[in-house]
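Structure first, commentary second.
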Amino acid sequence: MRGSVRSSTALRRVLLACVAAAFAACGGGGGGGGNNNPPPPPPPALNITTTSLAAGVVGAPYSQSVAATGGTGTRTFTTSAGALPAGLSLNPASGAISGTPSGTPGTSSFTITVTDSASPPNSDSQALSIRIDAAAA
């Protein structure tokens, strides 16, 4: 009978050592072994806030900006559909549209897309237009 008591005690010690090793390996319980802080909130949505642009005049300097809010990191602006009026260009880092309109007066319609540097990236698009008037005689 004494042999079975020793076997039972030895078995308990082995089981206790296994449970202790497993408990230590998983970080001691507590839900994942890390901190209990909630994850940070997501960044605000990326949004182009400019809804219209001023008219320009053939031969006169033009400068307007497409503004955006939210997103993560740096933003890049592109013309994703249509085209800016002749003589104007879009600064991809700032969203500024500038230059000196040339060519025939009229309205140019286009879509500006802004993309942030998140992974995966977020983007927003806005359809805009610029009317270019003839220079005064």
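The values are calculated or read from the model by the stated rules, or taken from the named source; none is laboratory data. The structure presented is a predicted model; accordingly, all values stated were derived computationally and were not measured. Glycine also receives a Cβ, built like all others from the backbone with ideal geometry; neighbour counts cover every protein chain displayed.
List of remarks:
- Meets criteria (farther than 19 Å from residue 49 by Cβ and in the same structural domain as residue 52 (by TED's automatic domain parsing)) for residue 106: yes
- Residues in the range 90-109 that are among the polar types (S, T, N, Q) and within 24 Å of the chain's Cα centre (by Cα): 2 in all.
Conditions (1) in a strand (DSSP E or B); (2) among the basic types (Lys, Arg); (3) at pLDDT 95 or above, marked per residue:
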{"site": "71", "(1), (2), (3)": "no, no, yes"}
{"site": "77", "(1), (2), (3)": "yes, no, yes"}
{"site": "93", "(1), (2), (3)": "no, no, yes"}
{"site": "103", "(1), (2), (3)": "no, no, no"}
{"site": "110", "(1), (2), (3)": "yes, no, yes"}
{"site": "115", "(1), (2), (3)": "yes, no, yes"}
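- Hits in the range 71-95 (condition: surrounded by 16 or more Cβ atoms within 10 Å (Cβ to Cβ) and more than 14 Å from residue 129 (Cα to Cα)): 71, 75, 77, 87, 95
- The range 46-86: number of residues that are more than 18 Å from the chain's Cα centre (by Cα) and among the aromatic types (Phe, Trp, Tyr): 1
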